[in-house]
Amino acid sequence: MRWLGFTDWRRRRILRRHALPDEAWRQAVAALPLLRGLTAAELGSLRELAALFLHAKDVVGAAGYRLDDGLRLKIAAQACLPVLALGLEYYDGWRSVIVYAGEFVPEHEFMDEAGVVHRMRTPMVGEAWHRGPVVLSAADVERSGEFDGVNVVIHEFAHKLDMRNGAADGFPPLHRGMSVAAWTRAFRAAYEDFCARADAGGETLIDPYASENPAEFFAVMSEAFFEIPQVLHAEYPNVYRQLEAFYRQDPLARIRPANDGGV
Ligand SMILES: [Zn+2]
């Protein structure tokens, strides 16, 4: 007989008690074209992660906004996609996801706090705090997951992964076997190229907000990696490869069958 570790045992107990209802999960997946390329096994893992996420985190409305379980699940499913092959422990160390009905204006007295990263739009659609909450606009969550390259949930949770080794700087903790030099080379070259193109006013399918700083570049490249992998792979193949190694996923392979005329 094999003794389950405490973590395994606890995880199974949570999943038994807090499993996501079939119909709610089906609706969430149907509402997120982003998840279409996942295999049945991957979707099963994502469903478990989403249930554990909702058990571990408080996803709460702010400023009088009451969010429903459908939106809660939509946030959980997209937040868990980047850690599908990494594990929910990558989101350890903080507890709250705060959701406003729409765009919000942050409290300015908090703006100078070290480690605060936010989407520099005024008002803002998302924000991630070092060791603190993720803040999201429900209206923008509703628009995410459409496979168009913009995904506020993935963006803010990418900041959370970046912050696992300190303030967000576009350099998350790399896995054993990954090369710091190769990561730095790939991201620096792509960032310089992207900024030059943005300055020149060139059109790009990747959100120009990526030129803001290296932390935003990493978050926006993560959005592109999951949402428009074909664009990222064509424009910055070395960044794609680094993100493939970091996230341990290959979103390009998921969309290929559709491009080849398959089902
Ligand atoms: Zn950001």
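Quick note: the coordinates plus some simple rules give every number you see, no bench work behind them. Because the structure is predicted, anything quoted here is derived from the model rather than measured. We place every Cβ from the backbone using ideal geometry, glycine too, and count neighbours over all the protein chains shown.
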Legend entry - Under Karplus coefficients 6.51, -1.76 and 1.60, residue-wise ³J(HN,Hα) of region 91-99 in Hz, glycine/proline x: 10, 5, x, 7, 10, 10, 10, 9, 10
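Which order do the peptides 7-16, 163-172 take when ranked by the mean count of other beta-carbon atoms within 10 Å per residue, highest first?
163-172, 7-16
How much net charge surrounds ALA19 when only other residues with a Cβ under 13 Å from its Cβ are counted (Lys, Arg +1; Asp, Glu -1)?
Net local charge, ALA19 excluded: +3.
Treating only the Cβ of Lys, Arg, Asp and Glu as charged (+1, +1, -1, -1), what charge dipole size does the chain show about its Cα centre? Round to the nearest 20 debye. Mind dumping the intermediate values first?
Working: 29 positive and 36 negative charges, 305 e Å.
Rounded to the nearest 20 debye, it is 1460 debye.
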Legend entry - Within region 1-93: Cβ-based charge dipole about Cα centre, in debye rounded to nearest 20 (Lys, Arg +1; Asp, Glu -1): 240
Inset, instruction - Taking the Cβ of ASP69 as the centre, find all other residues whose Cβ is under 15 Å away and add up their charges (Lys, Arg: +1; Asp, Glu: -1). - result: +1
Inset, instruction - Quick one: grab the alpha carbon gyration tensor of the chain, order the square roots of its eigenvalues as a ≥ b ≥ c, and give me rounded if a/c is under 1.5, else prolate or oblate depending on whether a/b is larger than b/c. - result: rounded
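Compute the signed sum of charges (Lys and Arg +1, Asp and Glu -1) over the other residues within less than 14 Å, Cβ to Cβ, of TYR247.
Here the charged neighbours net out to -1.
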Legend entry - Under Karplus coefficients 6.51, -1.76 and 1.60, residue-wise ³J(HN,Hα) of region 238-245 in Hz, glycine/proline x: 5, 5, 4, 5, 5, 5, 4, 6
Inset, instruction - Could you order peptides 219-226, 243-250, 184-191 by the average number of other Cβ atoms within 10 Å of their residues, highest first? - result: 219-226, 243-250, 184-191
Inset, instruction - List, in order, the whole-Hz ³J(HN,Hα) value for each residue of region 123-128 obtained from phi through the Karplus relation with A = 6.51, B = -1.76, C = 1.60 and θ = phi - 60°; use x for Gly and Pro. - result: x, 9, 10, x, 7, 10
Inset, instruction - Would you give the gap between the C-alpha center of region 43-114 and the C-alpha center of region 192-246, rounded to a whole Å? - result: 24
